[in-house]
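What follows is a set of notes on a single structure, which appears directly below.
The values are calculated or read from the model by the stated rules, or taken from the named source; none is laboratory data. Every value quoted in this text rests on a predicted model; they were computed, and no experiment measured them. Every residue, glycine as well, gets a Cβ built from its backbone with ideal geometry; the counts of neighbours run over all protein chains shown.
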Amino acid sequence: MKRYKIVGKILLSFIMRNEQHDFLFDDGTIEYDGKNTVWFIDSKNEKFESITTANVIETGLKKGDIVEI
């Protein structure tokens, strides 16, 4: 698993009560399994599985919105 610190702004999507909800994060950590799944990890170290496609990692790195930790 690779971990990234959010240093800019990242939009992630989640399924909650059978509906998609989008959240804009400017703090926290995201984790990537190297294949398909992206998780958001909050300040309490709770992990939430996102339905956002894994290309958010490449895009976030390119734009400087995340950095690998």
Exercise. What do you reckon, is Thr52 at negative phi, among the β-branched types (Val, Ile, Thr), touching a residue at least 24 places away in the same chain (Cβ under 8 Å) and in contact with a Ser or Thr (Cβ under 7 Å, 6 or more places away or on another chain)?
Worked result: yes
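Taking the options Ile57, Ile15, Ile30, name whichever one is in a strand (DSSP E or B), within 9 Å of the chain's Cα centre (by Cα) and touching a residue at least 12 places away in the same chain (Cβ under 8 Å).
When all the criteria are applied, what remains is Ile30.
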Exercise. Among Thr52, Thr59, which is the only one that is polar (S, T, N, Q) and surrounded by 15 or more Cβ atoms within 10 Å (Cβ to Cβ)?
Worked result: Thr52
Problem set entry | Matching residues in the stretch 11-69 - criterion: being at pLDDT 90 or above, among the hydroxyl-bearing types (Ser, Thr, Tyr) and farther than 16 Å from Met1 by Cα | Ser13, Thr59
Exercise. Within the stretch 10-34, which residues are out of contact with any strand residue (DSSP E or B) (no Cβ under 6 Å at 6 or more places or on another chain), among the charged types (D, E, K, R) and under 17 Å from Leu61 (Cβ atoms)?
Worked result: Asp26, Asp33
Problem set entry | Index of the failed condition, Val7 passing every other in (1) within 10 Å of the chain's Cα centre (by Cα); (2) exposed (fewer than 15 other Cβ atoms within 10 Å of the Cβ); (3) among the β-branched types (Val, Ile, Thr) | (1)
